[in-house]
1. Please state which one of 153, 118 is more than 12 Å from the chain's Cα centre (by Cα) and either surrounded by fewer than 24 Cβ atoms within 10 Å (Cβ to Cβ) or modelled with pLDDT of 95 or more (or both).
2. Please work out if residue 190 is out of contact with any Pro (no Cβ under 9 Å at 6 or more places or on another chain) and of a type outside the set (Asp, Glu).
3. List the residue pairs whose Cβ atoms are under 7 Å apart, where the first residue sits in region 46-65 and is closer than 17 Å to residue 98 by Cβ, the second is of a type in the set (A, V, I, L, M) and not in a helix (DSSP H, G or I), and the two are 6 or more positions apart or on different chains.
4. Looking at (1) over 21 Å from residue 78 (Cβ atoms); (2) in contact with an Asp or Glu (Cβ under 8 Å, 6 or more places away or on another chain), find the lone condition where residue 182 falls short.
5. Quick check on my filter: what residues within region 155-172 are more than 12 Å from residue 137 (Cα to Cα), assigned to a helix (DSSP H, G or I) and among the aliphatic types (A, V, I, L, M)?
6. Select from region 173-190 the residues that are farther than 18 Å from residue 143 by Cβ and of a type outside the set (A, V, I, L, M, F, W, C) and list them in ascending order.
Amino acid sequence: MSGQRELILWIAAFVLGIALLANIGCGLQRVITGDEASAPTVALSPLALEELLEAVNDDDPDVRCFAVIELTRRGQQAAPAVPALIRLLEDPNDNIRSSAAEALGKIGPAAAAAVEPLARLLTSGNLDSRRAAAQALGCLGELAEPALPQLRLALSDRDEDVRLAAIDALGKIGPAALPAVSDLLQTLARSGDEVVRQRVRLSLHRIDPTALARMQPAS
């Protein structure tokens, strides 16, 4: 077991080091060429899913964090890790909680069981965790309907990114988010930020295309 753990740590250091160098290179390339679309692709680690599932329970937070990042990069293929990732939403490490939320969002509909835990994280986590939870709920689309109360509260979050993610998530839920229309209309009426207003309009259109027509012309 110790040999396998050492292998995981070695691969973690190697892959994360390559990812760091790739990100630095990507940044330099954007500065030199002005090409925002250019981004190097970092290969997945050779660890099997079973090894990553074991690693997410490791006592070392660095190992857990690496395992979650790898699961995130595997997207829907990481569906068997959903129960483990849900448990990590309560990890004492802030980075691991937010990374677990991101991984669940990348998995998509197969992570439907994570809706309520993500909703709890949205109202109780730190900034990064709240942001990741809102974005993950948006990735789950209409399956995130049980999180409507928490998403509506998140429209008043002190962080703009959390608010925007909540706006988007409500729109992706679709017509089932009808109870949130009044909250979105209030957000639209009081916001002077055109980016926010555009996102609200899009979500309102997805939920109830007639909602905007019911607003006062001055709004």
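The values are calculated or read from the model by the stated rules, or taken from the named source; none is laboratory data. Fair warning: this is a prediction, and the values are worked out from it, not measured in the lab. Neighbour counts run over all protein chains shown; Cβ positions are idealised from the backbone, glycine included.
1. 153
2. Taking the combined requirement at face value, the residue satisfies it.
3. From region 46-65, the pairs are 64/56.
4. Answer for residue 182: the failing condition is (2).
5. 164
6. 182, 183, 186, 187, 190 - these are the residues of region 173-190 that are farther than 18 Å from residue 143 by Cβ and of a type outside the set (A, V, I, L, M, F, W, C).
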